[in-house]
Amino acid sequence: MAANSKAGPLAVHITALEMTAPPKQSLPMPVNLHTAIMRVTNIPLPFYRFLYRQVGSRWHWVDRLRMKDDALASILHEKRTSISVLYVDGAPAGFFELFQENEETIELVHFGLFEHALGLGLGKWFLLQTLYAAWAMNPKRVTVTTNDLDHPRALQLYQMFGFSPVSTSDGDVVPLSDKELLELAKRD
């Protein structure tokens, strides 16, 4: 979603959630699709930014795009960060990012699908695979944060899979300006 250089901050309502037990659901792999989920070690920054923009542009994900290379690399290449990419019929179709805060807590930092993967029946299945990956790290809880700029059913979907709200707050998201979008295009 293109941002206007004169756009002001967008008010958001933020919900923090946690789950304290692995999901009990089981979902079959979507039919008639060739899928693979591959963990990326030492992810190249332009590839990460590509994934981040493809998933997050319509939901106003901006924080990681504004980071300088060294700051972003220190987060992504931290050994407690895990990034996995969903491929559908050979092309990237989504990703998830997990961060091991400590021995007890795994944070689902980012999760989502590319536009071309929406409507294929992948969302619930991919979230379940994401949660299996998080719980394979043996935490006592998995956390996630969403806001009302996210997919309209995101909060409902997280709760369907066992997350419970633990707090809410209000904040602002400043959309990317035209100048920032131009700088991003030049950088990557």
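Provide the net charge surrounding Ala71, with neighbours chosen by a C-beta distance below 15 Å and charges set as Lys +1, Arg +1, Asp -1, Glu -1.
On the way: positive: Arg49, Arg64, Arg66, Lys68, Arg187; negative: Asp63, Asp69, Asp70, Glu78.
Cβ neighbours under 15 Å give a net charge of +1.
Express in nm, to one decimal, how much length is gained between Ser167 and Lys24 on full extension, taking 0.36 nm for each residue of separation and deducting their alpha carbon distance.
So the extension gain works out to 49.1 nm.
Can you list the lysines whose alpha carbon sits under 23 Å from that of Lys179, skipping same-chain ones fewer than 8 residues off?
Those lysines meeting the cut-off are Lys6, Lys68.
Rounded, prolate or oblate: which fits region 10-187, taking a ≥ b ≥ c as square roots of the Cα gyration tensor eigenvalues, rounded meaning a/c under 1.5, else prolate when a/b beats b/c?
Here region 10-187 falls in the rounded category.
Out of the DSSP beta bridges found with both residues in the chain, what percent are antiparallel (nearest 5)?
In the chain, DSSP labels about 90 percent of beta bridges as antiparallel.
Got the relative contact order for region 82-174 handy, in percent, Cα pairs under 8 Å and 6 or more residues apart?
Contact order relative to length: 22 percent.
Expressed as a whole number of Å, what is the distance separating the alpha-carbon centroids of region 145-188 and region 59-106?
Value for the Cα centre distance between the two parts: 14 Å.
Every number here is computed from the coordinates shown, using simple stated rules; none is lab data. Worth saying up front: this structure is predicted, and the values here are computed from it rather than measured. Here the Cβ is made from the backbone with ideal geometry for all residues, glycine too, and neighbour counts use every protein chain on show.
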